[in-house]
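Please treat every number below as a calculation from the coordinates, not as lab data. Quick caveat, the model's predicted, so the values are computed rather than measured. Because the Cβ atoms are built from the backbone with ideal geometry, glycine has one as well, and the counts that use them run over all protein chains shown.
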Amino acid sequence: MKGILVILDGMGDLPDRQLNGKTPLEVAHTPNLDFLATRGQLGYMYPVKPGFVPESDEAIVSIFRNELISSTRGQLEAVGARIKMTRGDLALRVNFATIDSIENKNILDRRAGRTLTTAEAKILAKSLNKIKLPCEFIFEPTIQHRAVLVFRGGFSDNFMGNDPDPFTGKFRLCKTSDDEENCQYTVNVLNEFLEKAHEVLNKHPVNQERRKKGLFPANYLLVRSPGIESPKVKSYKKWVSPSYMPVEKGFSQVSGMKVFSFEYPKLKKLDVYLNLWEGLKKACHFSIKILKKLHKKFDYMYIHLKETDVAGHDNKPIEKKLMLEYIDKTLFNFLRKFAPPRKINIVITADHSTPCKFKKHSADPVPVLFYNNSIPKEKKFSEKECRKGSLGGIMGKELLKKVGFTK
C-alpha cells in the first residue's frame, strides 16, 4: 500500500468558550497525531472553494477530483443503502423530523431529538411504504434518523426540497425550479407523499408512545438532495474503503473502490451518544482489521469516520475532544506503528468544519496533515498550526495530487 486517506467528519472547529477559547483539536491529547505531524507537513484546505459551506457529499465528491454536478447525495445514499435504481428513478436523502403542525410549519427538531431507535424507524418505514401513490416508491431507513426515498419512473430532480427556510426556520413545500411539466408532476407527487406521510406518522402508535415518554415524535419527513442521474465520478479501482455511512459507502462503490462494511450498532435506547461511541469504536477497529488484511492488495485506502461531526452539530466540544482522543489512541496509534516500516504515506483531514458554537457546517477551511516520514520537526496537529504549515492553503480538488495519491 502506498497511502491512506483518513477523513474525520466535521473535525474542523473554532475557538470555543467551553474549552477556554481553544478548539477540540487543540485541547485534545493526541500524541499519535502529533507524532505523524512532526514527521510530515501541515496545511489547510477549502474542501470545495473559499466561502462555500459544503455538505459531506459535496466535499467528498470534490476531494476526489469530481465536479459537484457529477453526483447528488440522494443517489449516493440510495446506492449505499443497496437500492437498485434505473435511469429516471428519483432518489432523495430523508430525515425523520418533528413539527408542531402542518398549519404552523414550525420545525421543533430536524432529527426527531436523535432518539429514534432502529426498531422504531423500521416500524414507521413499514407503514410509510403502504401509502398509495400514482407510482412505485421505496422508503428505506438507514442509520438513526436518516432514510432514503426512491420514486420509480421518469421523474425530474430540478426542484427544491422542504428543508427549513433559513430566515423563518419553518418547513416549506417542495417547489419547482423550472417550468417543465415533468418537474411540476414530480413536485406534486412528492408533496402528496409528504402530506400523507405526516398523516401516517403523526397518529402512529410509535409516536403516540414517544409523546407519552416526553420524546419528540418522528412525525414529519425532510427531503433534500434529489437526483435522477447515476453518479458520474472518476475511477479509483486501486482503492479500498471500509465505510459504513450510506453516502460514503455509495460514493466509494460508484468510484470503483472495493467496499467493506459492517452493520452499524442499532440504536436501542435513548442515549444516542452511547450508540455513537459504539459505532465509532467499531469503525476504528474495523478499519484496522481491513488494513491489516488487505494492505498488500490495494494501493490506497479511504477511511471516513462520522461521529465527530455529530458532536459539532450538538454543540458538544468536550464530547468532540474525547472522540478525537479515542481515534488517536486506537486508529492513529496503530497507523503510527504500521505505516513507517511499510513506507505508507498518510493524509488526515476533514470534509468540512462543524464548529460546535454554530451547531452546523461552516465555510472555514479544514486542517490537513500529510505524513511522509520526513525529518522530524516538533508540531501540534491543530487548526492554528495548520494555518502556518508548509503545505499552505489548498483546494479540495488539489489534495490527492498534492500528496501524490493520484497523477
| Say the cut-off is 25 Å between C-alpha atoms; which of Lys105/Lys249; Lys122/Lys357; Lys232/Lys401 go over it? | Lys105/Lys249; Lys122/Lys357
| Sites matching trypsin sites (Lys or Arg not before Pro) across segment 280-345 that sit in DSSP coil, with at most 13 neighbouring C-beta atoms within 10 Å | Lys296, Lys297, Lys343
| Relative contact order of the chain, pairs being alpha-carbon contacts under 8 Å that are 6 or more residues apart, as % | 36
| Restricting attention to segment 156-196, which chymotrypsin sites (Phe, Trp or Tyr not before Pro) occupy a DSSP loop and are surrounded by at most 14 other Cβ atoms within 10 Å? | Phe167
| Could you give the distance between the Cα centres of segment 333-407 and segment 1-52, to the whole Å? | 7
| For segment 258-360, which GluC sites (Glu not before Pro) are in a loop by DSSP, counting at most 15 other Cβ atoms within 10 Å? | Glu263
| query | Of Lys238/Lys281; Lys170/Lys269; Lys292/Lys329; Lys320/Lys359; Lys296/Lys343, which pairs sit farther than 20 Å apart, going by alpha carbon to alpha carbon? | reply | Lys238/Lys281; Lys170/Lys269
| field | Using distinct alpha-carbon pairs, which all enter the 1/r mean, Kirkwood radius of segment 195-271 in Å | value | 16.0
| query | Where in the chain are the DSSP H helices whose C-alpha atoms run 20 Å or more along the long axis and whose mean Kyte hydropathy is at least -1.0? | reply | 181-202, 272-294
| task | State the label only: which of (1) 26; (2) 23; (3) 30 corresponds to percent of Cα pairs over 35 Å apart computed from the shown model? | result | (1)
